[in-house]
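Notes for the one structure printed next.
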Amino acid sequence: MGQDRKPGESLTLTRRSILAGAAATGAIAQAAAPAQAQAVMTKVTAEDIAKLPRVKQKLVDPPFVHPHEQIATGGPKVIEFEMTIHEKKIVLDDAGTETFAFTFNGTVPGPLMVVHEGDYVELTLINADTNELMHNIDFHASTGALGGGALTEVSPGERVVLRFKATRPGVFVYHCAPPGMVPWHVTAGMNGALMVLPRDGLKDGQGKALKYDKVYYVGEQDFYVPRDETGKFKRYASPGDAHEDVVKAMRTLTPSHIVFNGKVGALTGKNALTSKVGETVLVVHSQANRDTRPHLIGGHGDYVWATGKFRNPPERDLETWFIPGGCAGAALYTFLQPGIYAYVNHNLIEAFELGAAGHFKVEGQWNDDLMKQIKAPAGI
Amino acid sequence: MATTLRLSLPTLTTSLGLVLLAGAAALLLAAPARRLAPDLPPPQTVLVRPGTMLHRLDGDYSRVGQPVDAPRQLVRIHRPLEIMRYQVTAADYARCIAASACKRLDQPASRGDLPVTGVSLTDASDYAAWLSRETGATWRLPSDREWAYAAGSRFRDDARGLDADAANPALRWLADYDREAERKAAGGNDVALRPVGGFGLNEHGVADIAGNIWEWTSTCLRRVSLDAAGRTLGETSNCGIHVVEGQHRAMMTFFIRNPKSGGCSVGTPPDHLGFRLVRERSWRDAVPEMLRRRLPA
Ligand SMILES: [Cu+2]
């Protein structure tokens, strides 16, 4: 594993020294690769991979995440996932607004997949024969072939298997990217996230280990539902019927809905996220298409990887963090007070008018030191 | 006519004889029918007899600085309560718009027999003023107590049943949240509007009360502070915010038409905002009743 080069050597190569030196092109490319990446980029043969332990990992619906280790035991593995694509009509709000969603595994967003750096992701992607359209998958965590998109185009009734190596730790978006129709599929809900944990778990940037008691996955989605002349949302018989109007609506860049987990209010009421005082929660938040700025009303981000890549030290004590469109972020927070918290996109119009809001229900003991109402509202 | 209307009850009883009184009453009885616009059906009302009820008072109460449930008290309704059997409909409201007495709605209903929704307190008050002019009677919003009395068994006491836990205010928030989540899960999610009568009558014959439309009341937001013994120390009120009544009591800013955008960050807002009115009972109602009792048929 990188035995012919000490990691320190490549790190000392600055851009200037590379430009000044007469190194061969290949050498520059190798030297410029991040030091830690060397370990997982060492040439491995097919036989080597065949010898690796294989794990079948069953996916669960968001906001929940399949069981996983935070610190990997043993060496790299091949983690097998299977997802079936379903095209389906979904209801976006309490008023019954409908749209056709394209889904990985039947949910918007698709499930969060978790592996460790150096593991191989082996995905079986099935396009249900009840579907009408061709789909594929582009993993932002992967390298080559348009993120796998060029190798995974499946028509209804077909399946494909893709393997790629998880070389960079972080949370990453995956999404459908069929030629010519990428934004339509992505804004029809066809995206999710993959978390590649460092083998030795999360760190605070100064070597201290960070652990979570719970992880939730929030997938934010902008929808563009066409309206009729009177302003009412239109309904269509099939995705194909809707396509032209939806594209027109998309081109306004003005979403009709911006929601967490597929529906206005999907993470509220009976489905509110739960925690308790003293519990540490990791929230993975992805937005495959549009910028967002998560904020926990009444709380903070203790450690935040806003752009989601774990080799960068997390930012601390954040109030709001910015996740650009096409990116996933991760925020770690330990709840200190009981109550109801709103977890929102802090463009509050998007949160409260368009739907990008969820709730945390947190039980436990109140801490008067942190906050106390000294006198209830009363006459002056 | 106008002169007759301005006569007060004491003037009448002291200065006019029974015959004259009967004549005036006859005129008054005839008056509303004559005033109504030709296409305006007189509102159907229900007369709820006076009586008492155990009522969870409106208002935010605090005892010794800690929020507590409002007291539940015996409330007496002294006079008959004449209230609209149905919520004001889209067709009713359209007539007020046509008369330029009510403002246009953001999203007019698809059919006239649906209750009007998407109306603010201002809209409801405009309608009441117009209907009063058209009918010559006084129509107004019910108070919180009147609404609760008319709602009868459909009134929901939404007290948390928690005494203030001084150490942990979050218990209250969590209880409120769970109650609302429960309501939504238990079919409170049925937000599709139904034509008037769609939620049926209660024991008083009042239709659709506490269905999926919250109704404006004339009651302003109150804040009451109590001492340890439960005596009132002070009370403030804010009439920019009114009580709306439905499946639970909610507070609503007077200009809000769509409660979805009027809710707070973690609450569950009412589904729709509409209203029904009460007809103010005056001596003009009492006189004919008295006459009917006195005069031979
Ligand atoms: Cu697709």
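Per DSSP H run of at least 4 residues, take -39500 (n - 2.57); add these up for chain A, divide by its residues and hand me the 222 nm value, nearest 500 deg cm²/dmol.
So the calculated ellipticity at 222 nm is -3500 deg cm²/dmol.
With a 1.4 Å probe and all protein chains kept in place, how do B:Glu245, A:Glu229, A:Glu80 rank by accessible area, largest first?
Values: B:Glu245 0, A:Glu229 170, A:Glu80 40 Å².
Sorted by accessible area, descending: A:Glu229, A:Glu80, B:Glu245.
In terms of Cα to Cα distance under 20 Å, which lysines are near enough to A:Lys248, apart from those fewer than 8 places away along the same chain?
Answer for A:Lys248, where 20 Å is the Cα cut-off: A:Lys89, A:Lys232, A:Lys234, listed by chain and number.
Taking the inverse of the average 1/r across all pairs of different Cα atoms in the range B:56-284, what Kirkwood radius in Å do you get?
Evaluated on the range B:56-284, it is 18.6 Å.
Per residue of A:260-271, what is the mean number of Cβ atoms on other protein chains within 10 angstrom of that residue's Cβ? It would help to have the intermediate numbers written out before the result.
Details: counts 0, 0, 0, 0, 1, 3, 0, 0, 6, 11, 5, 2.
Averaged over the peptide's residues, the number is 2.
Total Å² of accessible surface buried at the A-B contact, 1.4 Å probe, nearest 100?
2100
So, in nm, how far is label A:Asp61 from label A:Thr252 when the simple model puts each one 7 Å beyond its Cα toward the Cβ?
3.1
Could you pull out the pairs from A:Lys270/A:Lys361; A:Lys214/A:Lys276; A:Lys276/A:Lys375 whose alpha carbons sit more than 19 Å apart here? Walk me through the intermediate numbers first.
Working: A:Lys270/A:Lys361 10 Å; A:Lys214/A:Lys276 11 Å; A:Lys276/A:Lys375 27 Å.
Among A:Lys270/A:Lys361; A:Lys214/A:Lys276; A:Lys276/A:Lys375, the Cα-Cα distance tops 19 Å for A:Lys276/A:Lys375.
What part of the accessible area of the range B:56-284, given as a whole %, is carbon or sulfur when the probe is 1.4 angstrom?
50
Once the Cα atoms of chain A are picked out, what are the Rg and Dmax in Å?
22.4, 80
Once you average over the residues of B:167-178, how many Cβ atoms of partner chains fall within 10 Å of each Cβ? Write out the running numbers ahead of the final one.
Details: counts 4, 9, 8, 11, 4, 1, 6, 6, 0, 1, 7, 5.
Mean shielding count: 5.
Using a 10 Å cut-off on Cβ atoms, rank the peptides A:258-265, B:170-177 from the highest mean neighbour count down.
In descending order of packing, they fall as A:258-265, B:170-177.
With labels modelled as points extended 7 Å from the Cα through the Cβ direction, what inter-label distance (nm, one decimal) is found for A:Ile71 paired with A:Met371?
Placing both labels 7 Å along Cα→Cβ, they lie 3.5 nm apart.
Rolling a 1.4 Å sphere over the protein heavy atoms, what is the accessible area per residue of the range A:241-338, to the nearest Å²?
40
Taking the Cα centre of the range B:56-284 as the origin and placing charges on Cβ (Lys, Arg +1; Asp, Glu -1), which of B:Ala101, B:Pro259, B:Val243 is farthest toward the positive end of the dipole?
Farthest towards the positive pole: B:Ala101.
Taking the Cα centre of the range B:184-253 as the origin, how large is its charge dipole in debye, to the nearest 20, when only Lys and Arg (+1) and Asp and Glu (-1) carry charge on their Cβ atoms?
200
Mind giving me the nanometre distance, one decimal, between the label points for A:Thr84 and B:Ala286, set 7 Å out from Cα along Cα→Cβ?
Here the answer is 7.5 nm between the modelled labels.
Aspartates and glutamates near A:Lys165 by alpha-carbon distance under 16 Å, same-chain residues fewer than 8 away left out - which ones?
A:Glu47, A:Asp48, A:Glu80, A:Glu117, A:Asp119, A:Glu122, A:Asp138
Considering only protein heavy atoms and a probe of 1.4 Å, how much of the accessible area of the range A:68-207 is carbon and sulfur, as a whole percent?
51
To the nearest whole number, what is the average tally of beta carbon atoms from other chains within 10 Å of the beta carbons of peptide B:60-72?
2
For a quick protection proxy, order the peptides A:337-345, A:305-313 by their average other-Cβ count within 10 Å, most packed first. Please list the in-between numbers first.
Values: A:337-345: 23.2, A:305-313: 19.0.
Peptide ranking by packing, descending: A:337-345, A:305-313.
Among residues other than A:Leu282 whose Cβ falls under 12 Å from its Cβ, what is the net charge (Lys/Arg +1, Asp/Glu -1)?
Taking every Cβ under 12 Å from that of A:Leu282, the sum is -1.
Remind me, relative contact order of the range B:56-284 in percent, using alpha carbon pairs under 8 angstrom and six or more residues apart?
Contact order relative to length: 30 percent.
Sort A:72-78, B:272-278, B:193-199 by the packing proxy (mean of other Cβ within 10 Å over each peptide's residues), most packed first.
Taking the mean over residues of other Cβ atoms within 10 Å, the ranking is B:272-278, B:193-199, A:72-78.
In percent, what relative contact order does chain A have, based on Cα pairs under 8 Å that are 6 or more apart in sequence?
Once divided by the residue count of chain A, the mean separation gives 13 percent.
The values are calculated or read from the model by the stated rules, or taken from the named source; none is laboratory data. Just so it is clear, the structure is predicted and the values come from calculations on it, not from any experiment. Positions of Cβ are backbone-derived with ideal geometry, glycine not excepted, and every protein chain shown enters the neighbour counts. Quick note on the areas: whole protein, heavy atoms, side chains included, nothing else; ligands and nucleic acids left out. Shrake-Rupley method; radii C 1.70, N 1.55, O 1.52, S 1.80 Å.
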